[in-house]
Amino acid sequence: MHILFIADPLNTFKIHKETTYAMMRAAQMRGHNIWACTSNALFAKGDVQANAQHIQLLEHAEPTHWFDVIQSETKALHSFDAIVMRKDPPFDVNYVTDTWLLDAAVRQGAVVFNAPTAIRNHSEKVSILEFPELTAPTLISSDKTTLTAFHTEHNDVIFKPLDGMGGSGIFRITNDGMNLGSVIEMLTENGTRPIMAQRFLPSIAEGDKRILLIGGQVVPYALARIPQNGEVRGNMAVGGKAVAQPLSESDWRIANAIAPLLWSRGILLTGLDVIGDCITEINVTSPTGFQEIFNQTGFDVAGLFVEMLEHAAR
């Protein structure tokens, strides 16, 4: 197959941990042709097209030289056998426009994962409202009075923006309410932007677990991101320690309840964030953790992804 990866610039990849790199490497090892472009390279002129590079990953990769460009070509998206959307957030108007273009490409015959309509319709934070029995008490609001009352009810609350990633913009306000008003005013931009509030889950001390769902199947290992040095956030981007561990009985229950539903919507890869026995986010844009799980357990997550992509593309 000829597989196009829409991703951030290749020269920004940290290949020792980059999940998109692991996908590319696994696909090449299975005999597929790897193409890459950024979302800025997409355009519509009749067909939706991309200025793409056909690349060859090097056997002895170095951090600054891990691929060679075989050719550069402008190609219609429907001419590829599969397209993998891996652009990182922010989920802004540019990202939404990308999904509109990809929707048009799908109508023209392109095969895109995750499905652009599903990416657009599944806010990574708001989508947990579909599963209230699996979540902690949660509020989404821009109103200071409503958010303050939620804190009064639950005493220990996490506040975070709806469009953040990597742990950015997350605040914990404990029962003393210190800086509550300032945090709400800042995150809501004085009541003009909705944010998320969730009751604090003490189980974060054991890790914010990333559970991967691929083509309706559940990867049997979670990546527990454990806060370090007094942090409340376990995200690897802010120094959390990543520990791969077998799924617990509760993890399996949550994953099995959600995996077939999301796959039925065209979401090939999902990253569930779970603290204790509660989902906190459902990540569908560019979930990570493939290399960490493989390095610690030997489970070939990228191989499973490419196998399921092959089946889906047929």
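The values are calculated or read from the model by the stated rules, or taken from the named source; none is laboratory data. None of the values given here were measured: they were computed from a predicted structure. Note: ideal-geometry Cβ built from the backbone for every residue, glycine included; neighbour counts use all protein chains shown.
Please enumerate the residues belonging to the stretch 248-284 that are within 21 Å of ARG25 (Cβ to Cβ) and of a type outside the set (A, V, I, L, M, F, W, C). Steps first, answer last, please.
Here is the first cut: in the stretch 248-284, the ones within 21 Å of ARG25 (Cβ to Cβ) are 268-269, 271.
If the condition is that a residue be within 21 Å of ARG25 (Cβ to Cβ) and of a type outside the set (A, V, I, L, M, F, W, C), then GLY271 is the only one that fits.
I need the full set of residues from the stretch 79-100 which are touching a strand residue (DSSP E or B) at 6+ places or on another chain (Cβ under 9 Å) and surrounded by 18 or more Cβ atoms within 10 Å (Cβ to Cβ), in order please.
Of everything in the stretch 79-100, those that are touching a strand residue (DSSP E or B) at 6+ places or on another chain (Cβ under 9 Å) and surrounded by 18 or more Cβ atoms within 10 Å (Cβ to Cβ) turn out to be PHE80, ALA82, ILE83, VAL84, MET85, ARG86, LYS87, ASP98, THR99.
Within the stretch 292-306, does at least one residue satisfy the condition of being closer than 30 Å to LEU139 by Cβ, assigned by TED's automatic domain parsing to the domain that holds ILE214 and in contact (Cβ under 8 Å) with a residue 40 or more places away in the chain? Steps first, please.
Initially, the stretch 292-306 is screened for residues closer than 30 Å to LEU139 by Cβ, giving none.
Scanning the stretch 292-306, I find no residue that is closer than 30 Å to LEU139 by Cβ, assigned by TED's automatic domain parsing to the domain that holds ILE214 and in contact (Cβ under 8 Å) with a residue 40 or more places away in the chain, so the answer is no.
Looking at (1) surrounded by fewer than 20 Cβ atoms within 10 Å (Cβ to Cβ); (2) acidic (Asp, Glu); (3) at pLDDT below 95; (4) closer than 17 Å to ILE279 by Cβ, can you tell me which one ASP208 breaks?
(1)
Here is a check on your reading of the model: is MET196 out of contact with any Asp or Glu (no Cβ under 8 Å at 6 or more places or on another chain), crowded, with 17+ Cβ neighbours inside 10 Å and not in a loop (DSSP other than H, G, I, E, B)?
On the way: out of contact with any Asp or Glu (no Cβ under 8 Å at 6 or more places or on another chain): yes; crowded, with 17+ Cβ neighbours inside 10 Å: yes; not in a loop (DSSP other than H, G, I, E, B): yes.
So MET196 passes the test.
Taking the stretch 285-308 only, how many residues are in contact with a strand residue (DSSP E or B) (Cβ under 6 Å, 6 or more places away or on another chain), buried (at least 19 other Cβ atoms within 10 Å of the Cβ) and of a type in the set (A, V, I, L, M, F, W, C)?
First, pick out the residues of the stretch 285-308 that are in contact with a strand residue (DSSP E or B) (Cβ under 6 Å, 6 or more places away or on another chain): 287, 289, 292-293, 296-297, 299, 304-305, 308.
Imposing the further condition that a residue be buried (at least 19 other Cβ atoms within 10 Å of the Cβ) reduces the set to 287, 289, 292-293, 305.
Add one more test, that the residue is of a type in the set (A, V, I, L, M, F, W, C), and what stays is 293, 305.
Total meeting the criteria: 2.
Report those strands (runs of 3 or more DSSP E) wholly inside the stretch 29-73 carrying at least 2 residues which are at pLDDT 95 or above and surrounded by fewer than 16 Cβ atoms within 10 Å (Cβ to Cβ). Can you show your working first?
Working: elements: 33-37, 42-45, 47-62.
Those strands (runs of 3 or more DSSP E) span 42-45, 47-62.
Among GLU189, GLU206, GLU249, which is assigned by TED's automatic domain parsing to the domain that holds ALA149 and either touching a strand residue (DSSP E or B) at 6+ places or on another chain (Cβ under 8 Å) or not polar (S, T, N, Q) (or both)? Break it down stepwise before answering.
Working: GLU206 fails: assigned by TED's automatic domain parsing to the domain that holds ALA149; GLU249 fails: assigned by TED's automatic domain parsing to the domain that holds ALA149.
The match here is GLU189.
Here are some conditions: (1) farther than 27 Å from ALA259 by Cα; (2) surrounded by fewer than 18 Cβ atoms within 10 Å (Cβ to Cβ). ILE173 meets all but one. Which one does it not meet?
ILE173 satisfies all of (1) farther than 27 Å from ALA259 by Cα; (2) surrounded by fewer than 18 Cβ atoms within 10 Å (Cβ to Cβ) except (2).
Would you call GLU231 out of contact with any strand residue (DSSP E or B) (no Cβ under 8 Å at 6 or more places or on another chain), outside the structural domain of ALA27 (by TED's automatic domain parsing) and at pLDDT below 95?
Details: out of contact with any strand residue (DSSP E or B) (no Cβ under 8 Å at 6 or more places or on another chain): yes; outside the structural domain of ALA27 (by TED's automatic domain parsing): yes; at pLDDT below 95: yes.
Yes, satisfied.
Determine, yes or no, whether HIS16 is closer than 23 Å to GLY303 by Cα, under 25 Å from the mean Cα position of the chain (by Cα) and surrounded by fewer than 16 Cβ atoms within 10 Å (Cβ to Cβ). Outline the logic, then answer.
On the way: closer than 23 Å to GLY303 by Cα: yes; under 25 Å from the mean Cα position of the chain (by Cα): yes; surrounded by fewer than 16 Cβ atoms within 10 Å (Cβ to Cβ): yes.
Taking the combined requirement at face value, the residue satisfies it.
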